[in-house]
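Here's the structure we're looking at; comments come further down.
The values are calculated or read from the model by the stated rules, or taken from the named source; none is laboratory data. This is a predicted model, so every value here is computed, not measured. All Cβ positions, even for glycine, are placed from backbone atoms using ideal geometry, and neighbour counts span all protein chains on display.
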């Protein structure tokens with residue numbers, strides 16, 4: 001098993017993205033905690049852990065693009081993960097852990113599951129993760 005696919009590497013990336021996403025959310029948008037922890041204020045957002053793993057997996061394929069191209073790619077991956085996570089949350093867990101409302105066209109089109117601000121955050125987080133991994 002390669003180092004990038006080892007259990008410690010996957011756990012480390014998950015923790016870094018889950019905690020980093022929580023920190024960014026709290027800094028930019030106010031207090032955010034996952035409903036998965038049943039009201040406990042755990043400084044970790046699972047959706048960012050999952051999105052971070054998806055971004056990490058895509059990084060080699062996106063490396064041939066410019067920083068702007070890679071950022072757009074990471075933003076698209078993160079938005080897709082967020083949309084799918086929102087559907088799982090709403091349909092399988094019968095919850096509404098997040099809803100960005102109707103404040104922009106993307107939020108309106110996705111019933112509040114994804115918005116442009118968070119999509120941009122995914123892109124930035126992907127580029128930051130590249131720099132940290134160097």
Condition broken by residue 34, with the remaining ones in (1) farther than 15 Å from residue 123 by Cα; (2) surrounded by fewer than 11 Cβ atoms within 10 Å (Cβ to Cβ) satisfied: (2)
Exclusive hit being modelled with pLDDT under 95 and either under 11 Å from the mean Cα position of the chain (by Cα) or under 18 Å from residue 61 (Cα atoms) (or both), set 125, 93: 125
Among (1) part of a helix (DSSP H, G or I); (2) without any contact (Cβ under 8 Å) to a residue 60 or more places away in the chain - the single one residue 94 does not satisfy: (1)
Criterion: surrounded by fewer than 16 Cβ atoms within 10 Å (Cβ to Cβ) and over 26 Å from residue 37 (Cβ atoms) - qualifying residue of 73, 101, 69: 69
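Kindly establish whether residue 72 is over 16 Å from residue 100 (Cβ atoms), in a helix (DSSP H, G or I) and more than 9 Å from the chain's Cα centre (by Cα).
On the way: over 16 Å from residue 100 (Cβ atoms): yes; in a helix (DSSP H, G or I): yes; more than 9 Å from the chain's Cα centre (by Cα): yes.
Judged against the criteria, residue 72 is a match.
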